[in-house]
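Structure record follows, encoded as structure tokens.
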Amino acid sequence: WGERRNYPDSEKPTSRLALGLTQTNMSCIKSDGFKYTLYTAVFSLVFIVGLLFNMAAMYIFACTLKLRNETTTYMMNLVVSDLLFVLTLPFRIFYFINQDWPFGRGLCQLSVSLFYTNMYGSILFLTCISVDRFLAIVHPFRSQALRTKRNAKLACCAVWVLVLSGSLPTGFLLDTTSLRYKNSSVNYCFENFSNKQWKSSLSKVVVFIETVGFLIPLLLNIFCSVSVLQTLRQPQAISRGGQLNKTNILRMIVVHLLIFCFCFIPYNVNLVFYALVRTKLLKGCAVESVVRTIYPIALCIAVSNCCFDPVIYYFTSETIQNSIKRKSMAVRNKNKLEKGLQTNMLQSQSIIQNNGTILALSTVTQL
């Protein structure tokens, strides 16, 4: 989102305006070079773990999960969102290592779009899961006509339309920038946007995505979780829910809220202050330094949601838990069967060998 970097005097770009710098804020420039090492390490780890976890989740949803309901519909869409973003991480890692973008403006804009598609798609799909759980527990009878797989698919389509309508324009607003120094050029992606860009368009984008993509879903998640907890405290909760297990549901809510708050609150709160700093509505070198230092850390935490989403799949869906348990039991039974067959074969071979030895000794004796 427009972090600036320092160059040695001999390598400073010829145009300070291209970096979005002015004479009035030159004293506020802080070195944030640590972000490239941080991004490279964290994004590499997220790529490996996120790819493995989400491929495993995709396999479970596509191949082993026989019973599918509204919750698993939201989860399958969340997996697709995570995988699309994870597959763009190698390009980002290459950029953070080389600090140069050779892949062209189109791929840069697509990478930015998929980042926001994943983040706010994850937020909205997790909100759908929370609302679905709220309806199932707080209004189990009145929500039966509403909680159908058809309506879940329609909700997922609405989420995709909303997220893409916000993320695609955002990605195409954040174009690559180029700087020339020492008779060479460096192409930037994901950063070095001017204050003019921030005042004209990016600040409006931040207001939209923060309101629709974060604040409203956050309030919905809190409301649904509190309502579910209040329902579970009522004496008739067990009779209304049949097999309702308070401990499991409490664990679902805690895991869901912890991951939601841990991954998304730091980045989105800091993004508001970052926009205020870049549009000069919030001034002061100390504030700017703090905001610029927190931004890379908050971004890395936000990206880690790709790795945590499969944890939510497991703790939220009893269907997935049973599927994994059945799969593990089948594997254990298969191993036991193979060991049993091997043992029987060894015993049979031993009997044959012993009988052969007895027969040989009997023949020698007769001779």
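The values are calculated or read from the model by the stated rules, or taken from the named source; none is laboratory data. Keep in mind that what you see is a predicted model, and the values were worked out from it rather than measured. Backbone-built Cβ (ideal geometry, glycine too); neighbour counts: all protein chains shown.
Taking Ala298 and the conditions (1) closer than 26 Å to Val112 by Cα; (2) free of Cβ contacts under 8 Å to residues at least 12 places away in the same chain; (3) among the small types (Gly, Ala, Ser), which numbered condition does it fall short on, given that it satisfies the others?
(2)
Can you find a residue in the stretch 260-268 that is modelled with pLDDT of 80 or more and loosely packed, with under 15 Cβ neighbours inside 10 Å? Step through it out loud before you land on a result.
Taking the stretch 260-268 first, the residues modelled with pLDDT of 80 or more are 260-268.
If we keep only those that are loosely packed, with under 15 Cβ neighbours inside 10 Å as well, we get 261-262.
The answer is yes; a qualifying residue exists.
Can you name every residue in the stretch 78-100 that is surrounded by fewer than 23 Cβ atoms within 10 Å (Cβ to Cβ), touching a Phe, Trp or Tyr at 6+ places or on another chain (Cβ under 7 Å) and farther than 16 Å from Gly50 by Cβ?
Phe96, Gln99
Looking at Gly171, Gly121, Gly104, which one is within 27 Å of Leu299 (Cα to Cα), of a type outside the set (A, V, I, L, M, F, W, C), assigned by TED's automatic domain parsing to the domain that holds Val42 and over 20 Å from the mean Cα position of the chain (by Cα)?
Values: Gly171 fails: over 20 Å from the mean Cα position of the chain (by Cα); Gly121 fails: over 20 Å from the mean Cα position of the chain (by Cα).
After ruling out the rest, the residue left standing is Gly104.
Against the definition (closer than 20 Å to Asn221 by Cβ and at pLDDT 75 or above), how does Val277 come out, yes or no?
Details: closer than 20 Å to Asn221 by Cβ: no; at pLDDT 75 or above: yes.
It is false that Val277 is closer than 20 Å to Asn221 by Cβ and at pLDDT 75 or above.
How many residues are modelled with pLDDT of 80 or more and not in a helix (DSSP H, G or I) when one looks only at the stretch 237-259?
0
Within the bounds of the stretch 80-89, is there any residue that is in the same structural domain as Phe125 (by TED's automatic domain parsing), at pLDDT 90 or above and over 27 Å from Pro169 (Cβ atoms)?
Within the stretch 80-89, none of the residues are in the same structural domain as Phe125 (by TED's automatic domain parsing), at pLDDT 90 or above and over 27 Å from Pro169 (Cβ atoms).
Tell me which of these Thr231 doesn't satisfy, since it passes every other one: (1) modelled with pLDDT of 75 or more; (2) surrounded by fewer than 17 Cβ atoms within 10 Å (Cβ to Cβ).
(2)
In this structure, is Val159 assigned to a helix (DSSP H, G or I), closer than 20 Å to Asn270 by Cβ and modelled with pLDDT of 85 or more? Spell out the reasoning first.
Values: assigned to a helix (DSSP H, G or I): yes; closer than 20 Å to Asn270 by Cβ: no; modelled with pLDDT of 85 or more: yes.
No: the conditions fail for Val159.
Would you be able to tell me the number of residues in the stretch 47-102 that are touching a residue at least 40 places away in the same chain (Cβ under 8 Å) and not β-branched (Val, Ile, Thr)? Show your work before the answer.
Let us first name the residues in the stretch 47-102 that are touching a residue at least 40 places away in the same chain (Cβ under 8 Å), namely 47, 49-50, 53-54, 56-57, 60, 64-75, 77-79, 81-82, 85-86, 89-90, 92-93, 95-97, 99-102.
Narrowing the set further to residues that are not β-branched (Val, Ile, Thr) leaves 47, 50, 53-54, 56-57, 65-70, 74-75, 77-78, 81-82, 85, 89-90, 92, 95-96, 99-102.
Adding up the residues that qualify gives 28.
Among Phe125, Phe103, Phe115, Phe141, which is the only one that is part of a helix (DSSP H, G or I), at pLDDT below 90 and of a type in the set (Phe, Trp, Tyr)?
Details: Phe125 fails: at pLDDT below 90; Phe103 fails: part of a helix (DSSP H, G or I); Phe141 fails: part of a helix (DSSP H, G or I).
Phe115 is the lone residue from the list that is part of a helix (DSSP H, G or I), at pLDDT below 90 and of a type in the set (Phe, Trp, Tyr).
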